[in-house]
1. Test LEU136 against the stated conditions and say whether it is in a strand (DSSP E or B) and modelled with pLDDT under 80.
2. I want to confirm something. Restricting to the stretch 74-100 and keeping residues that are surrounded by 19 or more Cβ atoms within 10 Å (Cβ to Cβ) and assigned to a strand (DSSP E or B), which single residue is modelled with the lowest pLDDT?
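The values are calculated or read from the model by the stated rules, or taken from the named source; none is laboratory data. Remember, it's a predicted structure, so these values are computed and weren't measured experimentally. Ideal geometry is used to build each Cβ from the backbone, glycine not excepted, and the neighbour counts take in all protein chains shown.
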Amino acid sequence: MLRIITASLIALALAGCAGTPGPVEKPKAISVAKAGKTATIYLTRANARVYSASAANVLLDGRQIGTITNGQCVRLTIPAGNHNLQLTTGFLSNLGGALGNALASSLKAYNVKARAGQRLHYGAKPVYNGPNTGWLFSVSQQASGRPC
């Protein structure tokens, strides 16, 4: 009888992890551009098990501009021009601002070429980069379509 109760509780707990998707939310907006010529980036983080419980830091040109959670989409308003876009784990930010950003600069950055008024779509997902660096976020441009 105890085994049946234990198995039932485990099954119930695991079913709670699966969950149902929540309502579709508007993308979180992050603006780092002043008035003038700007571009918009829609960045979607893949819904993955790796780092699923922690937010990733969004860096533009080596400076943290916000965070993105598992499965979330953010809208970034940036100045037109060439920029480097990166995502890092919370581990780097816990080391301190300057040190964390310095270490993050060694991670692969995606070069964004944004023209004024342009809308760009990017996706980010964790990928295994080998035993020395472990898991990192890979950023890639996606075909334009509906935002988030």
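1. For LEU136, the condition - in a strand (DSSP E or B) and modelled with pLDDT under 80 - is met.
2. Applying the filter and picking the extreme gives THR88.
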